[in-house]
Amino acid sequence: MVFVTEALNSVLIEGFDPSKAEYKEENENEKYWTEIQSAYQNDKVISGILSGFENLKLNDKKEYCGIVRFGEIKGIIPLFESGVDPEDQQAINKFRALSGKEISFKVLKYDKENNMFLASRKEARDEMAEMTLRKIDVGYNIHCVIREVYQGHIVGDIGGIDVTIPVFELTYGWIDDLRDEYKPGDHIRVQVVEIDKENKEVEVSLKPLLQNPFPDCTTRYLKNGEYVGTVSGVQNYGIFVNLEEGVDSLAPHLKFQNVQKGDKVLVRVINVDVEKEQIRTKIVRVLN
């Protein structure tokens, strides 16, 4: 073994990069088992990549299970231990949405002889939620990892607790579709605005961490003044025109011409309402 080691260190190979010379350790499986057994004995939360799904027989019943792998070792997380409500009609799809992502879990039991263990993401998230609730208070700024993005809201995780953030708590301006701005896995900072410890529910908002453009912006847009803006959204009730970051005016539809998101337009200010933080405009020319 000494001679092999000496040869590896002394042979010269053109284009050889030591940083790329990675070799699997012979006892890699034992290293993983040490981690798994330690997690079980100490009731510790660990993590791994959700790499697949299988229908497995557990307690004489077929169960839909997520799979995490540590080398040759298979970790099994049944749907009822996934942290997703198994009664939800979309439970399997929500579980699948976590595929390829790193998830946290607790080891419930293990079978070293058969190279497998049973785990619970639900128990891990319950413990993480309790820890989060002990540490946060209203007004605290915390990290949020985005899990799901929809047109009008996002769902994020602040530490074992899912939070739903509507679009109006993410910006002072108008965002037509949040899927154009965010994607799953994005990290944002938010502020805690309400806590229900009994039900383990928390409300958060990004807006307190943003600078409110009102009322300062109202000094830059005068009634009957005309300004160039960009169409940021087209709704049945009107057209949103972005004048600057966080400031979108609402204009009525044109009678004889259609505009679309991204069009440059010239608008005339009809009314500025400082109290409601609203600017009403009229499109006087399409500049494209």
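The values are calculated or read from the model by the stated rules, or taken from the named source; none is laboratory data. Because the structure is predicted, anything quoted here is derived from the model rather than measured. When we count neighbours, we look across all protein chains shown, and the Cβ atoms used for this are built from the backbone with ideal geometry, even at glycine. The accessibility values were calculated without ligands, DNA or RNA, using every heavy atom of the protein model including side chains. Shrake-Rupley method; radii C 1.70, N 1.55, O 1.52, S 1.80 Å.
Residue-wise test of (1) open to solvent by less than 40 Å² (accessible area, probe 1.4 Å); (2) farther than 28 Å from N242 by Cα; (3) in contact with a helix residue (DSSP H, G or I) (Cβ under 8 Å, 6 or more places away or on another chain).
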| position | (1), (2), (3) |
| --- | --- |
| Y140 | no, yes, no |
| Q151 | no, no, yes |
| D157 | yes, yes, no |
| I161 | yes, yes, yes |
| T164 | no, no, no |
| E169 | no, no, yes |
| Y172 | no, no, yes |
| R179 | no, no, no |
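Taking region 124-138 as the search range and keeping residues that are not in a loop (DSSP other than H, G, I, E, B) and not charged (D, E, K, R), which one is nearest to A91 (Cα to Cα)? Ranking the candidates gives A124 first.
Selection of region 257-277 for residues being open to solvent by less than 80 Å² (accessible area, probe 1.4 Å) and under 16 Å from Y237 (Cα atoms) yields only V259.
Based on what the data block shows, is Y182 closer than 22 Å to G152 by Cβ and either among the aromatic types (F, W, Y) or assigned to a loop (DSSP other than H, G, I, E, B) (or both)? Here the answer is yes, as Y182 does meet what is asked. Restricting region 51-82 to residues that are closer than 14 Å to F117 by Cα and of a type in the set (A, V, I, L, M) leaves a set whose member that is farthest from the chain's Cα centre (by Cα) is L58.
Would you please name the residue that is nearest to I165 (Cα to Cα), looking only at residues in region 204-220 that are in contact with a strand residue (DSSP E or B) (Cβ under 7 Å, 6 or more places away or on another chain) and not hydrophobic (A, V, I, L, M, F, W, C)? Per the stated criteria, the residue is S205. Taking every residue in region 64-80 that is more than 16 Å from K101 (Cα to Cα) and assigned to a strand (DSSP E or B) and pairing it with any residue that is open to solvent by 40 Å² or more (accessible area, probe 1.4 Å) and of a type in the set (K, R), at least 6 positions away or on another chain, the pairs with Cβ-Cβ distances below 9 Å are I73/K112. From the list S232, S249, which one is open to solvent by less than 30 Å² (accessible area, probe 1.4 Å) and either outside any strand (DSSP E or B) or over 30 Å from D162 (Cα atoms) (or both)? Answer to the check: S249.
Within region 109-123, how many residues are closer than 23 Å to R96 by Cα and either charged (D, E, K, R) or outside any strand (DSSP E or B) (or both)?
Residues meeting the conditions: 3.
Among the listed residues G246, G225, G262, which satisfies the condition of being farther than 18 Å from Y172 by Cβ and under 29 Å from the mean Cα position of the chain (by Cα)?
Every option except G262 fails the conditions.
Selection of region 26-45 for residues being out of contact with any Phe, Trp or Tyr (no Cβ under 7 Å at 6 or more places or on another chain) and either over 15 Å from A119 (Cα atoms) or open to solvent by less than 40 Å² (accessible area, probe 1.4 Å) (or both) yields E26, N27, E28, N29, E30, K31, W33, T34, S38, A39. Please verify whether I103 is of a type outside the set (G, A, S), without any contact (Cβ under 8 Å) to a residue 40 or more places away in the chain and buried (at least 18 other Cβ atoms within 10 Å of the Cβ), treating the condition exactly as stated. It is false that I103 is of a type outside the set (G, A, S), without any contact (Cβ under 8 Å) to a residue 40 or more places away in the chain and buried (at least 18 other Cβ atoms within 10 Å of the Cβ).
Residues that are under 17 Å from L287 (Cβ atoms) and open to solvent by 50 Å² or more (accessible area, probe 1.4 Å) within region 215-226 comprise just one, E226.
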